[in-house]
Amino acid sequence: MLSIRREICGYCGACVSVCPEGALELIDAYLTVDADRCRDCGICARVCPLGALEVADERSL
Amino acid sequence: MNDHYDVLIIGGGPGGAMAGKAVAEAGLSCCIIEKRPAIGTPVRCAEGVGQEIYDFIDLDPKWVSARIQSAELVAPNGQVIELSSEMAGNEVGYVLDRKMFDRELIWRAANAGSDVYVKTRAVDAIVEDGAVKGARVEYAGEIRNISAKIVIAADGVESKFARWCGIDTTVPMNELETCVQYLMTDIDIDSSVNVFYLGNEMAPEGYVWIFPKGERTANVGIGISGKKCKDGSRPKDYLDRFVQEKFPKGKIIELIVGGVSACRPLRSTVANGLMIVGDAARVSDPLTGGGIINAMYTGKLAGEVAAECIKEGNLTAAVLKKYDTIWRESAMGKGIERNYQIKEIMIRLSDQKMDSILSSVQKMDLEVIGTKEIVRELIKYNPWLLKEMSNLKKILG
Ligand SMILES: Cc1cc2nc3c(=O)[nH]c(=O)nc-3n(C[C@H](O)[C@H](O)[C@H](O)COP(=O)(O)OP(=O)(O)OC[C@H]3O[C@@H](n4cnc5c(N)ncnc54)[C@H](O)[C@@H]3O)c2cc1C
């Protein structure tokens, strides 16, 4: 499960650009994840400039 | 907001604004939608541009923060190489104020006759019979269908619109430069010099920049490869270390974050009824990360070609392809391919090797400051580079 720490997120959209599933969406000033599409690959969590994303059970990258 | 436009543009950055202006000037109906409540903010950019800006607009002090006379490259071992232009007193580039600059571009599009809506977000594409026919748009809490003869996707690094049309725009993790920047004040800098720091300790597969924004004020930022980014070594960690050492007394008055792609452009930037421009098309420079001018160029070109095709009544990918072909064959298109290959070489260099290449020069007087010119000059002093990196010669043409 991807968790978004809103207090850290800078809503820049870097994560959106690398998501292979198109599961992330930036709605102006907040980020949302479509849990049905997200496959917990953890790529978004890796690239986040601030470290705002976390996959509870990150697959090895 | 009308239910139909000749051209609907998704995104109000430099790419979308230039497209909107071109379409409106051709006398067609046009609408730019921007999901943020304000154009140009929050800034996701270091705001540096070269002289090419003159191809699109005359400079206005309203949106020029600093005029740049030279640049400094700092090698991993700390050696400084000064880059300046041969023509004395010449400006080599500018640092913009994008909050004002992006507004200016949108204002010009609006003045030319384009509609503009802010806090209005495309949420899906309308695709019928294999052709893009418009967008589903959220506007004041309501979903509406807007139809258009052509949609121009200018939605920046996120690039979701083209994805909704079935085009994979995913940036590979290792080719996404993840960035953090502070707007700092009360720091000792030369307000006419852009500074770049290289090295794997400093910024793995990226660089640290200091771009002046005026007296004692600058954008101080970093971009690193997504591949090198993880807890404890995120761009913010690197930048905090740099700032602590270099500007311990400086004050941070703005935090800027963002991603910029360093991959090759999309394989095709058109489809039936669709054109993709700027960062959404992945045309930011893979070596420098610069994308403002490229977005303006592709935006303007797409707007012009869209207007032409609508007047001729043919909106198929085969006809819109003209846009794709023109930009690929342009100086910008060729520069992107060249810089992609230079980047591929650069990221494989050890700090030691980088030091040894750079140690051959202290000062470069170049006609224009560009990556091609810099690499050419370095080869002059390190002819072995050509032997060792056989495709360098081909790249430089
Ligand atoms: C940290 C950093 C530093 C940079 N430094 C430089 C630099 O010094 N020089 C340089 O030339 N370039 C630089 N760049 C790159 C530059 O910022 C971009 O290339 C440029 O902004 C691209 O313009 P654009 O119009 O394509 O996209 P953008 O300027 O990103 O505009 C896209 C717009 O589309 C909107 N949008 C997205 N989705 C939707 C939707 N669904 N509906 C409605 N609107 C939507 C967004 O809100 C955004 O406003 C930097 C980038 C970063 C991240």
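Quick look at the values:
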item	result
Selected residue (only one of A:L31, A:L24, A:L2 is among the hydrophobic types (A, V, I, L, M, F, W, C), more than 21 Å from B:F161 (Cα to Cα) and touching a Leu at 6+ places or on another chain (Cβ under 8 Å))	A:L2
Enumeration of residues in the stretch B:260-288 that are within 11 Å of the ligand (Cβ to nearest atom) and either over 17 Å from B:A46 (Cβ atoms) or part of a strand (DSSP E or B) (or both)	B:V260, B:S261, B:I276, B:V277, B:A280, B:A281, B:R282, B:V283
Long-range neighbours under 6 Å by Cβ, at least six apart or interchain, first residue within 25 Å of B:I39 (Cα to Cα) and within 12 Å of another protein chain (Cβ to nearest Cβ) within the stretch A:28-52, second among the aromatic types (F, W, Y) and assigned to a loop (DSSP other than H, G, I, E, B)	A:A29/A:Y11; A:L31/A:Y11
Failed criterion for B:I210 (all others in (1) within 14 Å of chain A (Cβ to nearest Cβ); (2) free of Cβ contacts under 8 Å to residues at least 24 places away in the same chain; (3) in contact with a strand residue (DSSP E or B) (Cβ under 6 Å, 6 or more places away or on another chain) hold)	(1)
Number of the exception - B:T288 against (1) farther than 20 Å from B:D155 by Cβ; (2) surrounded by fewer than 19 Cβ atoms within 10 Å (Cβ to Cβ)	(2)
Evaluation of B:V208 against (1) away from the ligand (no atom under 15 Å from the Cβ); (2) under 22 Å from B:L349 (Cβ atoms) (one fails), failing number	(1)
Residue that is in contact with an Asp or Glu (Cβ under 8 Å, 6 or more places away or on another chain) and among the hydrophobic types (A, V, I, L, M, F, W, C), where the choices are B:I150, B:I143, B:I126	B:I150
Boolean, B:I187 is crowded, with 24+ Cβ neighbours inside 10 Å, in contact (Cβ under 8 Å) with a residue 40 or more places away in the chain and of a type outside the set (K, R)	no
Of the criteria (1) away from the ligand (no atom under 16 Å from the Cβ); (2) part of a loop (DSSP other than H, G, I, E, B), which one B:K311 fails	(2)
Selected residue (only one of B:I292, B:I276 is touching a Leu at 6+ places or on another chain (Cβ under 8 Å) and away from chain A (no Cβ under 14 Å))	B:I292
Residue among B:S114, B:S159 that alone is more than 12 Å from the ligand (Cβ to nearest atom) and polar (S, T, N, Q)	B:S114
Residue tally, condition under 17 Å from the mean Cα position of the chain (by Cα) and within 13 Å of chain A (Cβ to nearest Cβ), over the stretch B:140-159	5
Members of the stretch B:348-388 found to be among the acidic types (D, E) and at pLDDT 85 or above, listed by number	B:D351, B:D355, B:D365, B:E373, B:E377
Condition met for A:A56 (within 12 Å of chain B (Cβ to nearest Cβ) and either surrounded by fewer than 22 Cβ atoms within 10 Å (Cβ to Cβ) or aliphatic (A, V, I, L, M) (or both))	no
Exclusive hit being charged (D, E, K, R), within 28 Å of A:C19 (Cα to Cα) and within 15 Å of the ligand (Cβ to nearest atom), set B:R144, B:R108	B:R144
Search result, residues across the stretch B:12-55 that are within 14 Å of another protein chain (Cβ to nearest Cβ) and out of contact with any helix residue (DSSP H, G or I) (no Cβ under 6 Å at 6 or more places or on another chain)	B:I33, B:E34, B:K35, B:R36, B:P37, B:A38, B:P42, B:R44, B:A46
Boolean, B:G223 is touching a Phe, Trp or Tyr at 6+ places or on another chain (Cβ under 8 Å), within 11 Å of the ligand (Cβ to nearest atom) and either in the same structural domain as B:M18 (by TED's automatic domain parsing) or of a type in the set (G, A, S) (or both)	yes
Options B:A122, B:A109: the member that is touching a helix residue (DSSP H, G or I) at 6+ places or on another chain (Cβ under 7 Å) and outside any strand (DSSP E or B)	B:A109
Residue count for the stretch B:122-134, restricted to those that are surrounded by fewer than 21 Cβ atoms within 10 Å (Cβ to Cβ) and within 25 Å of the chain's Cα centre (by Cα)	2
Which listed residue is aliphatic (A, V, I, L, M) and within 9 Å of the ligand (Cβ to nearest atom), from B:A17, B:A26, B:A22	B:A17
Members of the stretch B:135-171 that are among the basic types (K, R) and either in a strand (DSSP E or B) or surrounded by fewer than 17 Cβ atoms within 10 Å (Cβ to Cβ) (or both)	B:R136, B:R144, B:K149
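Matching residues to (1) at pLDDT below 95; (2) over 24 Å from A:C12 (Cβ atoms); (3) part of a helix (DSSP H, G or I); (4) not assigned by TED's automatic domain parsing to the domain that holds B:S360:
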{"site": "B:V49", "(1), (2), (3), (4)": "no, no, no, yes"}
{"site": "B:I57", "(1), (2), (3), (4)": "no, yes, no, yes"}
{"site": "B:L83", "(1), (2), (3), (4)": "yes, yes, no, yes"}
{"site": "B:L105", "(1), (2), (3), (4)": "no, no, yes, yes"}
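The values are calculated or read from the model by the stated rules, or taken from the named source; none is laboratory data. Keep in mind that this is a model prediction, so the values were computed, not measured. Heads up, the Cβs are rebuilt from the backbone with ideal geometry, glycines too, and the neighbour counts pull from every protein chain shown.
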